[in-house]
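Trainee: Quick one: structure below, then a few questions.
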Amino acid sequence: MNEKSHPRQARLFGHRDFRLLLTGAAAAQTGSQVTLVALPLVAVVVLDATPFEVGLLTAAETAAFLLVGLPAGAWLDRMRKLPVLIRADVVRCLAVGSIPPAAALGVLTMPQLYLVALVTGVATVFFDVAHQSFLPAVLPREQLVAGNGALETVRSSAQIAGPGLGGGLVQLLGAPVAIVADACGYLASALLLARIRVEEPQPEPEPGRSLRAEVAEGVRFVLGHPLLRAIATATATSNLFAAVLMAVQTVFWVRVLDLSPGAIGALLSASAVGGLAGALCAGQLARRVGQARLIWLATVVTAPFAVLWPLSGGAAGALLFGLASGVVLFGAVAYNVAQVSFRQSVCPPELLGRMNATMRFLVWGTMPIGALGGGLVADWAGPRAALWLCAAGFLLVPVPLLLSPLRGMRELPAAPYEPRAVDAAEAQHTAQAQHAGEAQHAAQAQHAGEAQDAVEAPSAREGHAAQGAEHPAASPTAP
């Protein structure tokens, strides 16, 4: 960390409400990582679930983004975000807390796990959208990258500590009892969030505006923005094939690599070191190579390592799997810090909830499809074949980014999105990248603010809005 970073970090962590938000995230994330190990093991070891049933469980966890993802953003733009965060944590605490007593009484079934996963997923939709929309109310705009970096650091640290803790608890107490840690994490998060004192005004809905119109406005904003559209496509592709991985990895570890619960926890913890490194390095990388470049470079460099997942086997199988996961997580976290900070800064405050919900619908809505597909492939051809499908999919992730204006940019626009200005700037960036080289592009970017006011290029937003109306979306990376 350079010397200029210390005052920035001091100002960030000197903010009481942000410290509470960060500590609550740490508690909830650590508990969730315990369940990441314990819940699939409950299905595979305790209930002897098939690969398809495990895939269905993963699909149930993410189906909520398809069911309520879009209206959630419109609803949240009509209410204060903090009470929603607290209630969502309470609901998740009660849902996951129902598993240990059911197991102790001998009445735990796969349908209950599906129901818990679905209820927890719905609460997570509201929590995640509200959380991303709440951060700009806690921190000033110039601290959003640092704030998101700190949250990703907490997430990555939990990914290191949580699975190891979860694997140990499963081995000592059994998978159902270990899930108590997740319930406690959600409860601690709710109590910490309740102490935040930020003054959050009650949003006033526009008279005569319907929920459908407000949802459509969020969809048009995302699909009409050339950079957000590319980011959404790449992230949706990544999450589609990440869900394949989530659906089959526990079956692969237990039935192919023959790993114990403790070894599985250690594997997840070790691979999560890559995510922590990505969170710690994201700010410095963005300053060195540019925030726009970081978004596509992170995927280009790290996605090919996914090929090591299906190649894992023998004595070094766990090592290869962990190495691949660590490198891919490094790229994913660095990518998330850069693109989420951009989304928060480019979106008008009154649209934040709908923009984040639309993004979550688009990028998380692919996960139930990936989970079901992964389970079916694993059932039919084995878990290793499903991992080959996953690896092939990860190689496609950078393509939408490389075909977008991002490839010719170093920094991202910081001002709230104006369709005509951004579309004109996109055309100028592309022309300069093709004819004048990167040096001229950088010079143009410095003066884009003056040039954009005078440009009257036709807006592509209306055309993309029409396309979005025909799209099934017509919205976490996440993350």
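Trainee: Quick one: what pairs do we get from the stretch 158-171, first residue among the hydrophobic types (A, V, I, L, M, F, W, C), second open to solvent by less than 30 Å² (accessible area, probe 1.4 Å) and not in a helix (DSSP H, G or I), C-beta under 7 Å, 6+ apart or different chains?
Mentor: ILE160/ALA272
Trainee: Give all pairs with beta carbons closer than 7 Å in which a residue from the stretch 400-426 that is of a type in the set (Phe, Trp, Tyr) meets a residue that is in a helix (DSSP H, G or I) and modelled with pLDDT under 85; count only pairs at least 6 apart in sequence or on separate chains.
Mentor: TYR417/VAL346
Trainee: Quick test for you: out of ALA332, ALA338, pick the one residue that is closer than 16 Å to LEU285 by Cα, assigned to a helix (DSSP H, G or I), open to solvent by 10 Å² or more (accessible area, probe 1.4 Å) and of a type in the set (Gly, Ala, Ser).
Mentor: When all the criteria are applied, what remains is ALA332.
Trainee: Would you mind stating whether LEU387 is at pLDDT 95 or above, open to solvent by less than 20 Å² (accessible area, probe 1.4 Å) and over 30 Å from GLN202 (Cβ atoms)?
Mentor: Here the answer is yes, as LEU387 does meet what is asked.
Trainee: Of all residues in the stretch 285-306, which are within 29 Å of TRP388 (Cβ to Cβ), out of contact with any Phe, Trp or Tyr (no Cβ under 8 Å at 6 or more places or on another chain) and open to solvent by less than 50 Å² (accessible area, probe 1.4 Å)?
Mentor: The answer is TRP296, and nothing else.
Trainee: Please find, among GLY218, GLY283, the residue that is under 26 Å from ALA137 (Cβ atoms), part of a helix (DSSP H, G or I) and in contact with a Lys or Arg (Cβ under 6 Å, 6 or more places away or on another chain).
Mentor: Unique residue meeting the criteria: GLY218.
Each row is one residue, and each column tells you yes or no for (1) modelled with pLDDT of 85 or more; (2) of a type in the set (Val, Ile, Thr); (3) farther than 30 Å from ARG287 by Cα.
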site	(1), (2), (3)
ASP77	no, no, yes
LEU94	yes, no, yes
ALA103	yes, no, yes
GLN112	yes, no, yes
VAL116	yes, yes, yes
GLN132	no, no, no
LEU173	yes, no, yes
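Trainee: Residues that are under 23 Å from VAL34 (Cβ atoms): which helices (runs of 4 or more DSSP H) entirely in the stretch 69-114 hold 1 or more of them?
Mentor: So the answer is 81-96, 99-104.
Trainee: Turning to a different aspect of this structure: Applying the selection to the stretch 40-52, what residues are within 23 Å of ALA272 (Cα to Cα) and open to solvent by 10 Å² or more (accessible area, probe 1.4 Å)?
Mentor: Scanning the stretch 40-52 gives a single hit, PRO40.
The values are calculated or read from the model by the stated rules, or taken from the named source; none is laboratory data. None of these values were measured; they are calculated from a predicted model. Neighbour counts are summed over all protein chains in view; Cβ atoms, including those assigned to glycine, are modelled from backbone coordinates with ideal geometry. SASA here: full protein model, heavy atoms, side chains in, ligands and nucleic acids out. Shrake-Rupley method; radii C 1.70, N 1.55, O 1.52, S 1.80 Å.
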